[in-house]
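Have a look at the structure below, then the notes.
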Amino acid sequence: MNQIIPKIKDMIIMLDKVWFPLSLTLWIATISSILVLFSGVVIAYIFARRDFRGRELVELLVTLPLILPPTVIGYLLVILVGRNGFLGNLIYNFFGTGVMFTWQAAVIAAYTVSLPLMVRAAQAAIEAVDRELEYAAYILGRSEIETALLITLPLAKRGILAGLVLSFARAVGEFGATLMLAGNIPGKTNTMSISIYSAFQAGNDELAQTLVIILIFISLLAISLTGRFIGKLEV
Amino acid sequence: MGVKIDLKKQYNETNLGRKKSVKKSFVLDVSFEMENELVVLFGPSGSGKTTLFKCISGITDLDEGKIIVGNKVYFDKEKKINLSIQKRNLGYVFQNYTLFPHMNVRKNIECGLKGWEKEAKEKRVLEMLSLLHIDELENRYPSQLSGGQKQRVALARALAPKPEILLLDEPFSALDLEIRTRLAEKIKDLQSKIGIPVLFITHNLEEAFQLADKILVLYEGKAQQFGTPEEILYHPENLHVAELVGISNIFDDAYVKECDEESKSIVLKSESLSLRVKTQRFKPGDKVSWGIHPENITLLLPDSNSENQNENTYSVRINNIINKGPKKRITLTLVRCGKILTADVPAQFVDSLKLHAGDICLAKLEMTKVVAFCELPLS
């Protein structure tokens with residue numbers, strides 16, 4: 001009995017240490033994924049169906065975070081949303097508080113790095129939808145927005161869902177840009193991947209291992225879900 | 001309610017992808033008017049038939065011209081009218097049907113009934129299902145339908161919103177011959193039932209003649225001739241039309257020797273050949289081409305009917321005979337001038353006359369079946 005109580009205590013402490021980063025990470029990834037879903041699908045639709053001047057440049061900008069080092073993205077984001085940045089200034093004037101070193105900053109970082117995954121997957125799926133199906137709907141009197149909602153997006157849902165799962169997984173694993181933008185404030189912005197790094201640095205192997213196992217589990221789940229969607233949603 | 005179409009479009013077809021765009025440009029130049037009838041657009045692939053449909057429906061923008069359907073102006077360059085696709089109210093059946101794969105038959109048909117009251121919608125769907133005899137397909141998905149069924153569903157969907165004109169783009173191209181013929185009958189029937197103008201694209205000659213009230217012949221983007229099937233077949237206006245309706249014996253060395261008002265015919269002189277043709281389109285001295293469809297050459301045995309007694313009947317030597325199943329294709333040389341003709345003759349006839357290569361017989365070129373036209377397309 002004397003041995004069990006400290007063990008339970010240890011576990012509770014551990015659970016406490018794991019619980020916050022886990023819930024924070026899932027929260028950030030969920031909010032980021034919702035934003036990515038709506039904006040990413042709109043951007044993907046525009047890329048797939050519209051030709052405008054400078055489209056290639058915009059496409060490049062959206063895709064860039066895929067290949068840029070996370071620290072570069074973080075740095076650029078700090079310039080953009082930091083206290084003196086263009087967006088940061090706007091936010092400060094509007095809300096009276098900055099966004100740096102908050103969980104919202106972590107969402108911004110996660111959103112930026114996972115958006116291109118969504119856009120690329122959704123764009124490919126939308127481009128694969130037969131344009132004549134859309135014209136057929138226009139001819140039946142449906143507006144472009146109705147057609148997109150009734151025809152194009154439902155037919156592209158496989159790619160969109162795959163993009164969503166990938167974006168979510170990417171947001172869960174986000175580290176570099178988050179660290180630069182949101183920092184590592186225990187109980188505030190210490191996400192899973194950041195906590196792993198801190199635990200490792202502090203020599204807390206047990207915590208690091210637990211977090212690593214959970215992250216691997218989440219990633220495996222995401223991959224199997226993607227596989228499921230791609231296999232199952234065949235129309 | 002008439003339809004008036006008069007349009008010009010410089011068409012540059014570019015690939016939408018980021019691959020190097022392949023440009024192929026041609027000019028679509030078409031002008032015709034029609035009533036509540038079935039007009040077949042006939043021409044080889046690449047002649048602009050589908051492009052014309054895309055212009056009428058508004059998928060492709062036009063450079064110049066007018067499109068008026070009934071009392072609705074779809075497009076008028078001068079008045080700067082260009083109705084959006086959604087407002088044109090036409091029925092369009094695409095070549096590959098374009099049924100929405102994630103919707104069942106009922107939902108597909110309902111798609112065009114935006115803003116209808118629920119009961120009216122219900123009623124209209126049932127009406128369409130029974131009009132096309134597809135009641136039992138209501139809950140099926142497109143992937144569960146045969147080609148002919150898809151075709152009928154696509155028609156039902158196109159007709160449900162009560163369009164003012166119906167465009168059918170090679171609707172039978174993917175179907176078996178037997179179903180084709182049956183559906184063609186159905187379309188003709190349907191056209192008279194719904195009483196709206198129908199434009200029908202095909203590159204199948206038999207289909208064109210089976211269906212058409214009038215035929216518009218297209219070649220390389222330009223309307224070549226617009227007329228009844230008989231006019232197209234027996235009075236083609238130029239070489240393109242003649243070739244498209246299958247006239248293969250064409251000679252361009254003739255001139256009009258005399259015109260006979262009484263019998264409404266002319267006499268052509270083609271080298272040493274004199275040929276009477278039923279037409280009133282030419283004046284004496286006009287340079288013309290003439291031709292005849294291989295199936296319209298009649299072979300006779302050289303007995304009492306000698307060459308000189310009968311008009312348009314000439315001695316020919318049989319060069320060779322090719323077996324084409326129920327028909328035999330015979331290559332003939334006109335003894336008098338060495339011109340070569342091909343004739344498609346029923347096999348039974350050839351067999352019963354025991355015709356062989358090298359034989360001499362008579363070929364009659366029926367004057368109502370010989371066609372004459374100007375060498376160059378009338379511009």
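The values are calculated or read from the model by the stated rules, or taken from the named source; none is laboratory data. This structure is a prediction, so every number in the text was calculated from the model and none was measured. For neighbour counting, all protein chains shown are included, and Cβ atoms are generated from backbone atoms with ideal geometry for every residue, glycine included.
Here are B:LEU129, B:LEU90, B:LEU137: which of them is within 13 Å of chain A (Cβ to nearest Cβ) and surrounded by 19 or more Cβ atoms within 10 Å (Cβ to Cβ)?
B:LEU90
Would you call A:ALA156 more than 14 Å from every other protein chain (Cβ to nearest Cβ), among the hydrophobic types (A, V, I, L, M, F, W, C) and crowded, with 20+ Cβ neighbours inside 10 Å?
no
Testing B:PRO236 on (1) more than 14 Å from the chain's Cα centre (by Cα); (2) at negative phi, one condition comes back false. Which one is that?
Here B:PRO236 clears every test but (1).
Among the residues of the range A:28-62, how many are crowded, with 17+ Cβ neighbours inside 10 Å and under 15 Å from the mean Cα position of the chain (by Cα)?
11
Residues that are touching a Ser or Thr at 6+ places or on another chain (Cβ under 8 Å), at least 2 per element: which helices (runs of 4 or more DSSP H) completely within the range B:157-257 meet that?
Because the criterion is at least 2 residues that are touching a Ser or Thr at 6+ places or on another chain (Cβ under 8 Å), the helices (runs of 4 or more DSSP H) in the range B:157-257 that meet it are B:205-211, B:239-244.
With the condition kept exactly as written, say whether any residue in the range B:102-121 is at pLDDT 90 or above and either part of a strand (DSSP E or B) or outside the structural domain of B:GLN210 (by TED's automatic domain parsing) (or both).
Looking for residues that are at pLDDT 90 or above and either part of a strand (DSSP E or B) or outside the structural domain of B:GLN210 (by TED's automatic domain parsing) (or both), one finds none in the range B:102-121, hence no.
Test A:GLY187 against the criterion of being out of contact with any Ser or Thr (no Cβ under 9 Å at 6 or more places or on another chain) and outside any helix (DSSP H, G or I), and give yes or no.
Judged against the criteria, A:GLY187 is a match.
From B:GLU230, B:GLU220, B:GLU262, B:GLU207, grab the single residue that is without any contact (Cβ under 8 Å) to a residue 40 or more places away in the chain and assigned by TED's automatic domain parsing to the domain that holds B:GLY43.
B:GLU230
Out of (1) out of contact with any Asp or Glu (no Cβ under 7 Å at 6 or more places or on another chain); (2) more than 9 Å from chain A (Cβ to nearest Cβ), the odd one out for B:ARG106 is which?
The failed condition is (1).
Just checking, which of B:ILE165, B:ILE179 is touching a residue at least 60 places away in the same chain (Cβ under 8 Å) and farther than 28 Å from A:PRO154 by Cα?
B:ILE165
What number goes with the only condition from (1) closer than 20 Å to B:MET128 by Cβ; (2) β-branched (Val, Ile, Thr); (3) surrounded by fewer than 23 Cβ atoms within 10 Å (Cβ to Cβ) that B:VAL153 does not pass?
Every condition holds for B:VAL153 apart from (3).
To keep it simple, each residue is scored yes or no on (1) surrounded by 18 or more Cβ atoms within 10 Å (Cβ to Cβ); (2) within 14 Å of chain B (Cβ to nearest Cβ).
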{"site": "A:ASN89", "(1), (2)": "no, no"}
{"site": "A:TYR92", "(1), (2)": "yes, no"}
{"site": "A:VAL99", "(1), (2)": "yes, no"}
{"site": "A:ALA109", "(1), (2)": "yes, no"}
{"site": "A:VAL113", "(1), (2)": "yes, no"}
{"site": "A:GLN123", "(1), (2)": "yes, yes"}
{"site": "A:VAL129", "(1), (2)": "yes, yes"}
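Test B:LEU177 against the stated conditions and say whether it is among the hydrophobic types (A, V, I, L, M, F, W, C) and over 20 Å from B:GLN210 (Cα atoms).
no
Is it the case, given these coordinates, that A:LEU181 is in a helix (DSSP H, G or I), among the aliphatic types (A, V, I, L, M), out of contact with any Phe, Trp or Tyr (no Cβ under 6 Å at 6 or more places or on another chain) and within 14 Å of chain B (Cβ to nearest Cβ)?
Taking the combined requirement at face value, the residue does not satisfy it.
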